[in-house]
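See below for the structure under consideration.
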Amino acid sequence: MDPRRNPYSPGAGSPPPELAGRDELIERAAIALDRIRSGRAARSLILYGLRGVGKTVLLNRIAQDAEARGIASVRIEAPEQRSLPALLAPPLRTALIRLSRLEAAKSGGIRAMRALASFASVLKVKYRDIEIGIDAKPEKGLADSGDLDSDLTQLLGAAGEAAAERKTALVLFIDELQYVPEEQLAALIMALHSASQAQLPITMVAAGLPQVLGQAGRAKSYAERLFEFVSIDRLDPGAATAALRVPAQEENVAFESAAIDIILGQTQCYPYFLQEWGKHSWNVAKASPIAEADAQRATGEALDELDASFFRVRFDRLTPTEKRYMRAMAELGPGPHRSGDIAEVLGKKVTSVAPIRNALIAKGMLYSPAHGDTAFTVPLFDGFMKRIMPEG
């Protein structure tokens with residue numbers, strides 16, 4: 001069939017043509033943000049789950065919907081080895097400029113800009129990756145102590161006051177939250193808690209890998225009272241089927257039920273993989289309906305593409321020792337696995353491989369669903385490890 005009409009869109013954070021099975025969650029987020037904008041109590045959301053479940057897509061959709069309702073946004077993706085102040089300052093500056101241009105928000109917006117100028121100027125000494133110029137004079141005594149806990153609290157308080165003047169809310173949308181260092185995450189949670197206590201309309205909606213649950217709890221024990229932690233998992237079979245059928249139907253193309261069954265089995269209903277298999281099934285099919293044989297052929301092509309990109313870019317970040325650890329896990333199956341069982345496959349003591357496990361968790365490759373357990377953060381990665389390292 002014509003690849004130009006192929007409706008499927010596998011990609012990091014690429015919105016699928018049919019965002020199936022997520023309507024209730026999107027509405028919950030909208031209600032929480034609208035309540036916060038109006039000064040009413042609500043817990044905002046932190047989305048957590050494995051790679052490929054659609055966390056970034058959901059976060060972007062929630063942000064787009066909020067912006068369409070007039071809520072101000074600050075969008076951040078947290079990479080490894082960057083400080084939170086460096087990530088926060090540039091997009092917050094943009095949001096505050098927009099607020100200060102509005103007639104109803106002049107004084108608060110200007111004060112918030114001065115707070116940001118103080119914050120960036122003082123913390124440049126501590127966090128040397130801050131690179132931003134602020135077109136406002138710092139205000140002495142406002143967010144300029146050099147202590148992140150205090151300064152971030154004052155900065156977000158001033159930003160919340162600016163949003164309140166405009167009768168809107170300011171929301172920090174942060175993706176890959178697990179990469180924010182815990183002491184900086186603690187400062188952020190404390191600042192948002194202070195703003196919540198003052199009933200200021202500023203909050204955070206974030207997404208991260210499963211380890212973000214433990215990180216937030218260790219950072220501040222009251223995090224679970226400030227945020228609703230929402231597990232994002234694979235789709236149920238009905239929603240997964242809709243994610244495949246609906247985009248095709250809009251192009252007057254159908255799927256045979258047997259083809260759907262093969263794709264659901266191969267992808268385990270993970271949204272990213274559904275898009276990958278949908279794309280390849282379309283491309284190999286000669287005509288509608290997409291048949292069982294098309295889905296079988298698409299499986300080989302989808303795995304080849306995943307092995308060359310989605311899986312490979314993660315594999316290439318690993319040291320040889322880390323690769324051997326991951327291959328030992330794959331030998332045991334999809335997981336989760338006991339740390340002792342992995343060490344046994346490697347022929348080593350648990351204590352000797354613990355630093356490798358910790359490094360892989362820090363890289364976002366593994367997480368610990370329970371004490372002593374270890375699991376892949378990327379679905380289907382066990383199969384890839386066996387293909388890329390067949391000898392173990």
Inset, instruction - Search the stretch 83-107 for residues being touching a residue at least 60 places away in the same chain (Cβ under 8 Å) and in a loop (DSSP other than H, G, I, E, B), and hand back the single one that is farthest from Leu156 (Cα to Cα). - result: Leu102
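Among the listed residues Phe315, Phe273, identify the single one that is farther than 21 Å from Leu235 by Cα, open to solvent by less than 20 Å² (accessible area, probe 1.4 Å) and not β-branched (Val, Ile, Thr).
On the way: Phe273 fails: farther than 21 Å from Leu235 by Cα.
That would be Phe315, the only listed residue that is farther than 21 Å from Leu235 by Cα, open to solvent by less than 20 Å² (accessible area, probe 1.4 Å) and not β-branched (Val, Ile, Thr).
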Inset, instruction - Check Leu192 against each of (1) open to solvent by 50 Å² or more (accessible area, probe 1.4 Å); (2) modelled with pLDDT of 95 or more; (3) within 30 Å of Met365 (Cα to Cα) and name the one condition it does not meet. - result: (1)
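State whether one or more residues within the stretch 43-57 are more than 14 Å from the chain's Cα centre (by Cα), without any contact (Cβ under 8 Å) to a residue 24 or more places away in the chain and surrounded by fewer than 22 Cβ atoms within 10 Å (Cβ to Cβ).
No, every residue in the stretch 43-57 fails to be more than 14 Å from the chain's Cα centre (by Cα), without any contact (Cβ under 8 Å) to a residue 24 or more places away in the chain and surrounded by fewer than 22 Cβ atoms within 10 Å (Cβ to Cβ).
Which residues, counting only those in the stretch 311-335, are of a type in the set (Phe, Trp, Tyr) and either free of Cβ contacts under 8 Å to residues at least 60 places away in the same chain or in a helix (DSSP H, G or I) (or both)?
Within the stretch 311-335, the subset of a type in the set (Phe, Trp, Tyr) is 311, 315, 325.
Scanning the stretch 311-335 gives Phe315, Tyr325.
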Inset, instruction - Can you confirm whether the stretch 289-309 contains a residue that is outside any helix (DSSP H, G or I), in contact (Cβ under 8 Å) with a residue 40 or more places away in the chain and either open to solvent by 20 Å² or more (accessible area, probe 1.4 Å) or not hydrophobic (A, V, I, L, M, F, W, C) (or both)? - result: no
Inset, instruction - Please state which of the following conditions Ile189 fails to meet, knowing it meets all the rest: (1) within 20 Å of Arg35 (Cβ to Cβ); (2) in contact with a strand residue (DSSP E or B) (Cβ under 7 Å, 6 or more places away or on another chain). - result: (2)
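Test of understanding: among Leu123, Leu185, Leu155, which residue is within 27 Å of the chain's Cα centre (by Cα) and at pLDDT below 95? Please lay out each step first, then the result.
Working: Leu185 fails: at pLDDT below 95; Leu155 fails: at pLDDT below 95.
Answer to the selection: Leu123.
Table: residues versus (1) aromatic (Phe, Trp, Tyr); (2) closer than 25 Å to Glu251 by Cα; (3) open to solvent by 20 Å² or more (accessible area, probe 1.4 Å).
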{"position": "Arg5", "(1), (2), (3)": "no, yes, yes"}
{"position": "Arg22", "(1), (2), (3)": "no, yes, yes"}
{"position": "Arg28", "(1), (2), (3)": "no, no, yes"}
{"position": "Ala41", "(1), (2), (3)": "no, no, yes"}
{"position": "Asn60", "(1), (2), (3)": "no, no, yes"}
{"position": "Gly70", "(1), (2), (3)": "no, no, yes"}
{"position": "Leu84", "(1), (2), (3)": "no, no, no"}
Legend entry - Qualifying positions in the stretch 234-262 - surrounded by fewer than 14 Cβ atoms within 10 Å (Cβ to Cβ), within 26 Å of the chain's Cα centre (by Cα) and not in a helix (DSSP H, G or I): Asp236
Inset, instruction - Pick out the one residue from Arg40, Arg35 that is out of contact with any Pro (no Cβ under 6 Å at 6 or more places or on another chain), without any contact (Cβ under 8 Å) to a residue 12 or more places away in the chain and part of a loop (DSSP other than H, G, I, E, B). - result: Arg40
Legend entry - Which numbered condition Phe119 fails, given (1) buried (at least 20 other Cβ atoms within 10 Å of the Cβ); (2) within 21 Å of Leu33 (Cβ to Cβ); (3) not acidic (Asp, Glu): (2)
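The values are calculated or read from the model by the stated rules, or taken from the named source; none is laboratory data. It should be emphasised that the depicted structure is a prediction, and the values quoted were computed from it without experimental measurement. We place every Cβ from the backbone using ideal geometry, glycine too, and count neighbours over all the protein chains shown. Note: accessible area is taken over every heavy atom of the protein model, side chains too, but ligands, DNA and RNA are not part of it. Shrake-Rupley method; radii C 1.70, N 1.55, O 1.52, S 1.80 Å.
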